[in-house]
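Notes follow the structure.
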Amino acid sequence: MKASLRMILSIILITLTSLGCNTSSEGGNDGDLLYVAIGASDAVGIGANPLTNGYVFKIRDSLEDGSFNVELRNLGILGAELDRIKLAVEILLSDIGSGLVGNPDLITIWVGANDIIEGVQPEEFESNLESVLVQLLTETSAFIVIANIPDLTQLPEFIKNPSDNVTIERINAFNAIIESLAVEFDLPLVDLFAEPIDDMFVSQDGFHPSNEGHQRIADLFLEVILPEF
């Protein structure tokens, strides 16, 4: 991707994050909840129309329907692999440590698809994910929920344009890492791999979730989140 396009996408992301944040909570009230979403394009809402129909915003909306004042910090980064997402997490934790941002109550994590697509080795992904989780668990008191990776080979994009990087073997290897670390750190796992890939859940680009897909992902996260809150 050319530098100019990256800059444009970054501006879009910053604008979206500002629009997606409910900053009405002032902190310290029983009904206040700080939600941090960690992910890539899906966390931004790509595939949904409008973007605020994305799964992260649907999770926020459901929590607000439950009488919480939700402040959303969306760390979704368009097209990002985990090494870039890790840097964003480190900046967030630095802001928390300096008091610029409060301690999150809820963190959702959905990463790994772009790493598979771009040919990142499982060992590198495992090292990055373990580092992210250790930092979050050490430096926050948040309830953390992590999702695994759907069967990307069943998406229209990769049925039409198969990739040597996007294989069921690599998806299984990445999911084994996610599931192993979820067990190691006692984190609830949202099993997106078990979900069938239905055309209605995929947007017109053949890759990202549609409005219905984003809603389904949100519902699966909320099955874990709502009993906790």
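The values are calculated or read from the model by the stated rules, or taken from the named source; none is laboratory data. Only a predicted model underlies this, so the values are computations on that prediction, with no experimental measurement involved. Heads up, the Cβs are rebuilt from the backbone with ideal geometry, glycines too, and the neighbour counts pull from every protein chain shown. To get the accessible areas, we keep the full protein, side chains included, count just its heavy atoms, and leave off ligands, DNA and RNA. Shrake-Rupley method; radii C 1.70, N 1.55, O 1.52, S 1.80 Å.
The C-beta contact set for the stretch 93-106 (first residue in contact (Cβ under 8 Å) with a residue 12 or more places away in the chain and closer than 23 Å to residue 69 by Cβ, second residue aromatic (Phe, Trp, Tyr) and open to solvent by less than 50 Å² (accessible area, probe 1.4 Å), distance under 8 angstrom, 6+ apart or interchain) comprises 104/35; 105/35; 105/143; 106/35; 106/143.
Screening the stretch 96-138 for residues that are modelled with pLDDT of 95 or more, aliphatic (A, V, I, L, M) and in contact with a Lys or Arg (Cβ under 8 Å, 6 or more places away or on another chain) and picking the one that is farthest from residue 33 (Cα to Cα) gives 116. Here is a check on your reading of the model: is residue 201 free of Cβ contacts under 8 Å to residues at least 40 places away in the same chain, among the aromatic types (Phe, Trp, Tyr) and open to solvent by 60 Å² or more (accessible area, probe 1.4 Å)? So residue 201 fits the description; yes.
Considering the stretch 178-195, the residues that are assigned to a loop (DSSP other than H, G, I, E, B) and touching a residue at least 40 places away in the same chain (Cβ under 8 Å) include one that is surrounded by the fewest Cβ atoms within 10 Å (Cβ to Cβ), namely 191. Among residues of the stretch 211-229 that are hydrophobic (A, V, I, L, M, F, W, C), none has a beta-carbon under 6 Å from a residue that is open to solvent by 60 Å² or more (accessible area, probe 1.4 Å) and part of a helix (DSSP H, G or I) at least six positions away or on a different chain. Is there a residue being in a strand (DSSP E or B) and crowded, with 18+ Cβ neighbours inside 10 Å anywhere in the stretch 211-228? Checked the stretch 211-228: no residue is in a strand (DSSP E or B) and crowded, with 18+ Cβ neighbours inside 10 Å.
Among the residues of the stretch 189-227, those identified as modelled with pLDDT under 95 and either among the acidic types (Asp, Glu) or in contact with a strand residue (DSSP E or B) (Cβ under 6 Å, 6 or more places away or on another chain) (or both) are 198, 199. Restricting attention to the stretch 107-123, the residues being within 27 Å of residue 47 (Cβ to Cβ) and free of Cβ contacts under 8 Å to residues at least 24 places away in the same chain number 0.
Look at the stretch 40-64: where a residue is within 14 Å of residue 145 (Cβ to Cβ) and a partner is open to solvent by 40 Å² or more (accessible area, probe 1.4 Å) and among the aliphatic types (A, V, I, L, M), sitting 6+ places away or on another chain with Cβ atoms under 9 Å, you get 62/226; 63/226. When the stretch 41-70 is filtered for residues that are touching a Pro at 6+ places or on another chain (Cβ under 9 Å) and surrounded by fewer than 24 Cβ atoms within 10 Å (Cβ to Cβ), only 46 remains.
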